[in-house]
Amino acid sequence: MSRTGRLYGDSLYDLAAGEGLEEAIREQMEQIRELFRENPAYVKLLSQPVIPLEERKKLIEEAFGSQAERYLVNFLKLLCDRGLLREYPECCRAFAARYDRDRGIGRAEAVSAVRLSEEQMEALRKKLEKFSGRQVKLSQRLDPGVLGGLRVEMEGKSLDGTVKGRLQGIAEKLNEMT
C-alpha cells in the first residue's frame, strides 16, 4: 500500500467514522473503484491537465454527486485537485483495512494451483477463524507454480502447505547437513 493511499484513505476513514458512515462509504468506494477499473478512460480524462480543473470536478459531481455520500464525492474532487486519482485504489485498500481492523475482521488469501470448491473454502475459513479468534474474509488466488497443496497468507504471515514449499524445506535441510 502506498504512503499516499494510506494517508488519504485513513483520513477519509477517520472522517467517516466520526459521522457513522463507514459502512456506506466503504461500499460506495468499492463500487466507484470497480467503475474506474471498468472505465480507465474516464480516470484518464479526469487526470488530464489540459481540461480545466473546475470542469473535471464538475464531471465528478455529475457522475457521483446524487448517488454517493457527500464526503466521498468531495474526496474524489480533492484527489482530482491534487492530481492523485491514480491513488484511489490504494485509498480504498487503506479505508477497507481500517474498517476491518476496527471490526476485528481478518483478511486471508488461499493460494493454490487449482480452484478450491465452496465447501473447501468454507472449511478453511472456519479453521482460520478458530485459529485467529477473529472473523475472516477469505479470498482465493490461483498460482500454477504452487504445484499442489495450499498456501494461506493472512496478516503478513504465510502458512505454507504446498508441495513446492515442502520441497524447498527438504532442500534447505539437505544443504544444512552437507
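Please find, within the stretch 141-178, the residue that is least open to solvent (accessible area, probe 1.4 Å) out of those that are closer than 20 Å to Q120 by Cβ and of a type in the set (K, R). My answer is R151.
When C91 is tested against the conditions (1) outside any helix (DSSP H, G or I); (2) touching a residue at least 60 places away in the same chain (Cβ under 8 Å), the lone failure is (1). For the stretch 129-147, name all the residues that are over 16 Å from D100 (Cα atoms) and either charged (D, E, K, R) or in contact with a strand residue (DSSP E or B) (Cβ under 7 Å, 6 or more places away or on another chain) (or both). Correct list: K130, Q140, R141, L142, D143, V146, L147.
Within the stretch 1-40, if we keep just the residues that are of a type in the set (S, T, N, Q) and open to solvent by less than 70 Å² (accessible area, probe 1.4 Å), the residue that is nearest to F64 (Cα to Cα) turns out to be Q28. Within the option set Q67, Q135, Q140, being within 25 Å of V163 (Cα to Cα) and among the polar types (S, T, N, Q) holds for one residue only, Q140. Under the condition of being exposed (fewer than 12 other Cβ atoms within 10 Å of the Cβ) and within 19 Å of the chain's Cα centre (by Cα), the residues counted in the stretch 116-140 number 1.
On the stretch given as the stretch 1-46, residues that are polar (S, T, N, Q) and free of Cβ contacts under 8 Å to residues at least 60 places away in the same chain total 4. As a summary of the residue check, A108 satisfies the conditions (1) in contact with a Ser or Thr (Cβ under 9 Å, 6 or more places away or on another chain); (2) more than 30 Å from K126 (Cβ to Cβ) except for the one numbered (2).
Go through the residues of the stretch 151-163 one by one and say whether even a single one is more than 26 Å from the chain's Cα centre (by Cα) and under 30 Å from I105 (Cα atoms). Let's see the steps before the verdict.
Applying the first criterion (more than 26 Å from the chain's Cα centre (by Cα)) to the stretch 151-163 yields 163.
Now drop any that are not under 30 Å from I105 (Cα atoms), which leaves 163.
Checking the stretch 151-163: at least one residue is more than 26 Å from the chain's Cα centre (by Cα) and under 30 Å from I105 (Cα atoms).
Here K77 fits the description: more than 28 Å from E155 (Cα to Cα), modelled with pLDDT of 95 or more and among the basic types (K, R). Which residue out of V50, V43 is among the hydrophobic types (A, V, I, L, M, F, W, C), outside any helix (DSSP H, G or I) and surrounded by fewer than 18 Cβ atoms within 10 Å (Cβ to Cβ)? Every option except V50 fails the conditions. Residues in the stretch 78-88 that are open to solvent by 50 Å² or more (accessible area, probe 1.4 Å) and part of a helix (DSSP H, G or I) were compared, and the one that is nearest to D14 (Cα to Cα) is L78. Reported count of residues in the stretch 53-77, each being open to solvent by 50 Å² or more (accessible area, probe 1.4 Å), touching a residue at least 40 places away in the same chain (Cβ under 8 Å) and either touching a strand residue (DSSP E or B) at 6+ places or on another chain (Cβ under 6 Å) or assigned to a helix (DSSP H, G or I) (or both), is 1.
The values are calculated or read from the model by the stated rules, or taken from the named source; none is laboratory data. As the structure is a computational prediction, the values presented were derived from the model and not from experiment. Cβ atoms come from the backbone with ideal geometry, glycine included; neighbour counts cover every protein chain shown. When the accessible area is computed, the model is the full protein with side chains, heavy atoms only, and any ligands, DNA or RNA have been set aside. Shrake-Rupley method; radii C 1.70, N 1.55, O 1.52, S 1.80 Å.
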